[in-house]
1. Only helical DSSP H runs with n ≥ 4 go in: add -39500 (n - 2.57) per run for the chain, normalise by residue count and round the 222 nm mean residue ellipticity to 500 deg cm²/dmol.
2. Please label the shape of region 29-81 as rounded, prolate or oblate, based on the square roots a ≥ b ≥ c of the eigenvalues of the alpha-carbon gyration tensor (a/c under 1.5 means rounded; beyond that, a/b larger than b/c means prolate, else oblate).
3. Given axes a ≥ b ≥ c from the Cα gyration tensor, I'd like to know whether the chain is rounded (a/c under 1.5), prolate (a/b larger than b/c) or oblate.
4. Anyone know which of N114, N95, N130 comes out most mobile in the 10 Å Cα GNM of the chain?
Amino acid sequence: MGSNPCNKISHSEYYKYEVKTVDTRELFARLIKCEAGGEGLARMRAVATVCMNRVRVPYGEYQRVDRGDLRNVIIQMCQFSCYKTMIGGLPNTQNIWTATPEDIHYQVADWAMNGGIYSGVTSDSLWYMNPFVPQCPNFFPYNQTGYWFTRINQLCFYNPMPAYADT
């Protein structure tokens, strides 16, 4: 199993901005725009589906830590690069605070929050990542509790293995 790079950043580095003033719908729309906004409707819906899958999964880390709350899923430490204002000690200028959502991002957020599941991924997919290479790694995240399921544009999507239940 790989090491977790999240162990190397501080809580204050990760949570630079106060999120209490932004409602959950806007926070979700900002995340969708930042993570997939320029990649078309399919990728935005796939990303939104993964977020909502984390809300709905009845076991494992996301249920234990986030307790079925979308806001908690979005702000959970080390989950989304777009939520970080610093990556590797350098400013991350592409983050949810610089991504002003447009109508389409709110529409995708509403679609997902109302039960939409993008057919290109599954109701099981819990992770996605851009490997910046042509081939998706077989396993993700770092604890290797997910297996590669599909690729949409530059993103690889992963479903949980039985070991995820113990996270």
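1. -9000 deg cm²/dmol
2. Details: a/c = 2.82, a/b = 1.85, b/c = 1.53.
Taking the square roots of the gyration eigenvalues as a ≥ b ≥ c, region 29-81 is prolate.
3. Cα axes put the chain in the rounded bin.
4. Fluctuation is largest for N114.
Every read-out reported here was derived from the displayed coordinates using simple, explicitly stated rules and does not represent laboratory data. All figures in this text were calculated on a predicted structure; none of them were measured in a lab.
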